[in-house]
């Protein structure tokens, strides 16, 4: 017999001094959710932006359907092929330009207006408006490139047109958070906003959020079954490892060659290596989804047109400079190394999501993560047939494991499809100046 009142509520926080630890979905919560009239596992939505184009001859599958040969740049994701689909033939229709315009149009479906450079509300913010009240954080906007690196006045636009993909209103871009400590405190601090005093105290005393709630953790462990204890142990280990990684980054010098190559010092708390920084942010994205702190996240792997130096790959020239390779073999080889590095980081993120059991599937099964960018060939500034993946089964609503080709349809139609599967009203997105024409055929199951 199930006694519903003894079940742990889904939105449980273990609170301590300056800390609030949200819990992942565990079996002990299921009775409280059963019979509630709502699905016990929410749909997570994400957008990961790939900056500065791809080498499309290494990205595009040569055949359609399920049996396509995995192209070189996607090879790191081969073990997950049944959990994503490659989409081709999608264009950023209103993104004709160098870098600012395709980046601004990627999520909004609108070109910056000539009168005031206004765009539209981005799809992530429309979704967040309608479901954000159900979570602690309506949405998260993350990145790794400092705002100072953004192109300024490209396409006649300010730098933030290349440094964000999220727009709360047509004239309100949302900045990326790039500091891991601030993201961590946002997730595990004791208030809805950052508590500077609690953060300062933990840094100075080198205490952990887990120290603040250890007694409550121990009491919880004594009340749940072996399966839940194992799941909680894995979760707490992830929190502890992320916190350690942040502490290591904070303890190191504030300068390194990569940032020095851009004429600036590395901010305190930013890992020296790009891969370490990206992994840390991705690991916190996993925790944010896992604990249902938010269901909407956007993450830019770099500004559009990013000219970051990847010295660890032997690339002294910046990413953007290399993308204008003019056929030079050395530049092309370095560009391909950068793209493979980013593909390996995507594999890290999606593999971790696939490894976490949730309900009858995995965290990745209960997600739809759109991964792509505003340029295909950045050397030519092409915004046609842009690189695009849809990762996750969207709670069994998406046809995965395929290469699906479309005939010159807008990327915005993919956004409409995501809104449809999430039961989001798209009216605010479908303005007169949006390039969307309808839901993508063949992506979702009938």
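Tabulated data
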read-out: Helix 274-290 vs. the chain, principal-axis angle (Cα, 0 to 90°, nearest 10); value: 50 degrees
read-out: Euclidean distance between Cα centres, the stretch 321-362 to the stretch 107-170, Å; value: 23 Å
read-out: Tensor-based shape of the stretch 388-446 (alpha-carbon gyration tensor, a/c under 1.5 rounded, otherwise prolate or oblate); value: oblate
read-out: Against the rule of thumb 2.2 N^0.38 Å, how large the Cα Rg of the stretch 260-369 comes out; value: 1.26
read-out: Convex hull (Cα only) mean projected area of the stretch 63-164, reported in nm² to one decimal; value: 9.6 nm²
read-out: Rotationally averaged projected area of the chain (alpha carbon convex hull; nm²); value: 21.6 nm²
read-out: Alpha-carbon gyration tensor eigenvalues x 5, square-rooted, for the stretch 125-171, Å; value: 26, 13, 5
read-out: Relative packing of 125-136, 225-236, which averages over residues the other C-beta atoms within 10 Å, highest first; value: 125-136, 225-236
read-out: The chain - share of DSSP beta bridges that are antiparallel (%, nearest 5); value: 50 percent
read-out: Coarse-grained scattering of the stretch 295-356 at q = 0.14, 0.22 Å⁻¹, given as base-10 log I(q)/I(0) from a Debye sum over alpha-carbon atoms; value: -0.48, -0.90
read-out: Diffusion coefficient, µm² s⁻¹, Stokes-Einstein with Kirkwood Rh over alpha-carbon pairs of the stretch 14-110 at 10 °C and 1.306 mPa s; value: 87 µm²/s
read-out: Degrees, to the nearest 10: 226-251 long Cα axis against longest axis of the chain; value: 60 degrees
read-out: Rounded, prolate or oblate (a/c below 1.5 giving rounded, otherwise prolate when a/b exceeds b/c) for the stretch 291-444 by Cα gyration tensor; value: oblate
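Quick note: the coordinates plus some simple rules give every number you see, no bench work behind them. Everything numeric in this text was worked out from a predicted model, so none of it was measured. Cβ: placed from backbone, ideal geometry, glycine included. Neighbour counts: every protein chain shown.
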